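The values are calculated or read from the model by the stated rules, or taken from the named source; none is laboratory data. Here the structure is a predicted model, which is why all the values come from computation and not from measurement. Here the Cβ is made from the backbone with ideal geometry for all residues, glycine too, and neighbour counts use every protein chain on show. Accessible surface is based on the protein model in full, side chains and every heavy atom, while ligands, DNA and RNA are left aside. Shrake-Rupley method; radii C 1.70, N 1.55, O 1.52, S 1.80 Å.
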Amino acid sequence: MFKNFLYSQKVAPYVFVLPFVLVFLIFWVYPLLSSFGMSFQKVTLGQEAQWVGIDNYTKLMSDTIFFKAVRNSGVYMILTLLILIPFPMLFAVLINNKFMWGREFFKSSFFFPALTSVVVAGTIFRLMFGEMEGSLINSLLGVFGVEPVKFLKGQVTGFIALVALASWRWMGVNMLYFLSGLKNIPDDYYEAASIDGASAFQKFTRITMPLLKPTTIYVLTISIYAGLAMFIESMMLWNGNNSPKNIGLTIVGYLYRQGIEKNNLGYAAAVGIVLLLITMVINLTQLAFSGMFKKED
Amino acid sequence: MKKKGFLALMVVAMVVFLAGCGGSSKEEGGESSVLNAGAGESATELSYWTFVELHGQHFEKMLEKWNAANPDRQIKLNVTVMPYDDMHNKLSIAVQTGVGAPDIADIELGKFPDFLAGTPQLEPLNDVAEPFKGTVVQSQLDLYSKEGNIYGLSTHVGATVAFYNTEILEQAGVDYKTIVTWDDFKKAGMQVYEKTGKYMGTADTSAIWQESLLLAQQGADLTDEAGNPKVNSPELVKALTMLKDLQDNNVISTIAGGQPDTEEAYGEYNSGNYAAAFMPLWQMSRYTNYMADLQGKIAIAPLPVFEKGMPRSYGGGGTGTVVTKTAKDVQLAKDFIAYAKLSLDANIEIWNTLGFDPINMSVWDMKDVTHNPENQFVKYFVNNPFDVLNEIKDEIQLIKSTSASPTINNVLCTVTLNEIFEDGKDVQKALDDAQAQIEQELK
């Protein structure tokens, strides 16, 4: 009986996807529903939660720090999209070129930062962008006669450090996605284009870019999500969740501050739900525009 | 047969993979070590969380004495040291859910009100603290109390004093002993900047020691009688206007890290870029541990004041040791922490090991303890800290810790002080904005 069950062609696929479904239900759907419920409650340390209706949401709408966090996350997301999609694509094309020198070396050195822990990377970037004269960036600027900059205390300079950290870390990963996409483009197309007298630039815009579209959409989707959900990079760069004037506060950082640091879990849940809505709206719009929901031909 | 084996292999692989995921979240648990301290087989094992490694060393010493004196109630202490934020966050979740909390924990004063919100999930310690009333400073017991119940046992008074780098001051021809008022300090500071190009002190942006001590001098507080925030009070405006004036005259300057008690600032002080720090007495241990180059150069003195006769100190910072409601053996844990924090022996050890000003003030008069020439703190500093402490003994004020305090602290340290000292925002305007922000957050 059991043997029949195990060998059944119909059951086997379900057995294989069961672990994923279970993980999805227990660690995703259940917490999501539970935090949705919690966002209508006031939850305090060691006490019964009280229902407060939409109080958390109305408070959120007049919370300037929350909007600061939303703005920070949004700007960070856009900056990382502007840097972490075109450049990795360009590098991937260069590295994929047969005439490129030291391809394996560049591939591994671009990917190497992704293997370091964010904690270590964040700490090193904090020291590099330190405000003392002797910190790495300031001593480099000193060579050009520039006065030491308090990088991590200003909005613009703080974001320079933050985006530098993100670019350094994720450049290689995105490049690998594009590289694998490039491997799937048959050489025949380029040969045919060469025979027709296409220039290298034309080949890039007419063959490479269109055929990389699925990869680009994937990278774009995960980058939007990663940008909006960023937290640890900021926490490590500023050595805690409280950056000066909240210049590095992200939506998730604000959720953490309210929920974990201030024990205001109900309010934090409302922040989380709003973050989910923002992310869903942006991602779904972007996917719709890029034709993901069209029926396959 | 082969197929079945493959299926089994897949299932095993998934289970291992999932188990692997579950295990990895525990890796950041901090450093744990079990202190036996001469405990026998029958000893009860208690767990203890702290965010200061040195506190564990103090407990180790006291544990040895406890186990020798109480053979029938011996303890093994499992000490876990975690970073400050990490420990408080983990503890708050553990206490809230009732799962995974240690038996004993250290909670920093700034975080304490969060743990007292609603019905505290901590054990009242009145019965074990009772025998020591009268020997220890009452206000230190009140600091960690709610509605007449004591929930935490204090570690030190934290009397705030001035630390002067005598080498820099001598170069500039300044005698720190003549600095009595903030006007004197300003004159001295301008002289120091002119002669050496170095700053006299710091304009702190990530801590409110300076604001607290300036309020305490004026008999004011960050909260009113009822514990509601009042950060735009005339007293705080006066304090910050004075500090801003010092900054404009190059007497004080912002420091990397934002305040003297940070890694970056230790480096700045150690290289002799700043001549003075106004910090609670526990800053001494930072000097001995992190600023070795300054040995024999640092003098301790009472704080400058607005006008002569104003109180010259306030108790800054602090750690309350608590017993959680879920402790294995509540009475044993309570008796032990009372012994390890309130007894006379404990108070002597707190000075010897940690270099803190003990809350049992009779220790302050024990010359053989306080002036022991072998003591690392006595060796390091130019003058004996207790000479200063005994001079200001009756002037040590207190800034209240209320449920609004964590929010006040957060707003001032992340936003307001940066606006004032980094961006030059008008003091009154910055404090009005801070008051509005704090009220909004506490709603």
| field | DSSP beta bridge pairing in the protein assembly as shown, given as percent antiparallel to the nearest 5 | value | 65
| query | Taking the alpha carbon gyration tensor of the protein assembly as shown, what are the square roots of 5 times its eigenvalues, largest first, to the nearest whole Å? | reply | 51, 35, 25
| Using a 1.4 Å probe on protein heavy atoms only, how many Å² of accessible area do B and A hide from each other, summed over both chains and rounded to 100? | 3100
| query | For segment A:64-289, which semi-axes, largest first and in whole Å, follow from the square roots of 5 times the eigenvalues of its Cα gyration tensor? | reply | 36, 24, 14
| query | So, in Å, what gap is there between the alpha-carbon centers of segment A:1-31 and segment B:245-289? | reply | 61
| note | Residues hit by the 50 Å² burial cutoff in segment B:415-443, accessible area with a 1.4 Å probe, assembly against chain on its own, are B:422, B:440, B:441
| query | Which of the residues in segment B:103-124 lose at least 10 Å² of accessible area when you go from the chain alone to all protein chains together (probe 1.4 Å)? | reply | B:111, B:114, B:115, B:117, B:118, B:119, B:121
| task | Report, to the nearest whole %, how much of the accessible area of segment A:64-289 belongs to carbon and sulfur atoms, 1.4 Å probe, protein only. | result | 72
| Whole-Å distance, taken between Cα centres, linking segment A:106-123 and segment B:73-125 | 35
| In whole percent, what relative contact order does chain B give with Cα contacts below 8 Å and a gap of six or more residues? | 23
| task | Holding the Cα-Cα limit at 30 Å, pick out from A:262/B:198; B:133/B:443; A:68/B:443; B:195/B:244 the pairs that are longer than that. | result | A:262/B:198; B:133/B:443
| query | Given a cut-off of under 8 Å on Cα pairs at least six residues apart, what relative contact order in percent is computed for segment A:64-289? | reply | 29
| Eligible lysines near residue B:325 by straight Cα distance, threshold 20 Å, same-chain separation 8 or greater | B:76, B:90, B:111, B:146, B:334, B:341
| request: Calculate the mean, over all residues of peptide A:258-265, of how many other protein chain Cβ atoms lie within 10 angstrom of the residue's Cβ. | output: 5
| query | What per residue convex hull volume, in Å³, do the alpha-carbon atoms of chain B yield? | reply | 191
| Computed helical MRE - 222 nm, the protein assembly as shown, DSSP H runs ≥ 4 contributing -39500 (n - 2.57), nearest 500 | -16000 deg cm²/dmol
| said: What is the percent carbon and sulfur in the accessible area of segment B:294-443, measuring with a 1.4 Å probe over the protein chains and ignoring ligands? | reply: 48
| query | trypsin sites (Lys or Arg not before Pro) within segment A:95-191: which are DSSP loop residues with at most 15 other Cβ atoms inside 10 Å? | reply | A:98
| query | Excluding ligands, DNA and RNA, what is the solvent-accessible area per residue of the protein assembly as shown at a probe of 1.4 Å, expressed in Å²? | reply | 47
| task | Enumerate by residue number the chymotrypsin sites (Phe, Trp or Tyr not before Pro) in segment A:135-208 meeting two conditions: DSSP loop (anything except H, G, I, E, B), and at most 12 other Cβ atoms within 10 Å of the site's Cβ. | result | A:144
| query | Any idea how far the Cα center of segment B:35-59 sits from the one of segment B:343-418, in Å? | reply | 24
| request: Taking H placed 1.01 Å from N in the peptide plane, check which residues at least 5 places from residue B:305 or on another chain put their amide H under 5 Å from its amide H. | output: B:181, B:182
| task | With a cut-off of at most 11 other beta carbons within 10 Å, and DSSP calling the residue loop, which trypsin sites (Lys or Arg not before Pro) in segment B:251-354 qualify? Please list them. | result | B:308
| task | Just need the relative contact order of segment A:131-197 here, percent rounded to a whole number, with Cα pairs under 8 Å and 6+ apart. | result | 16
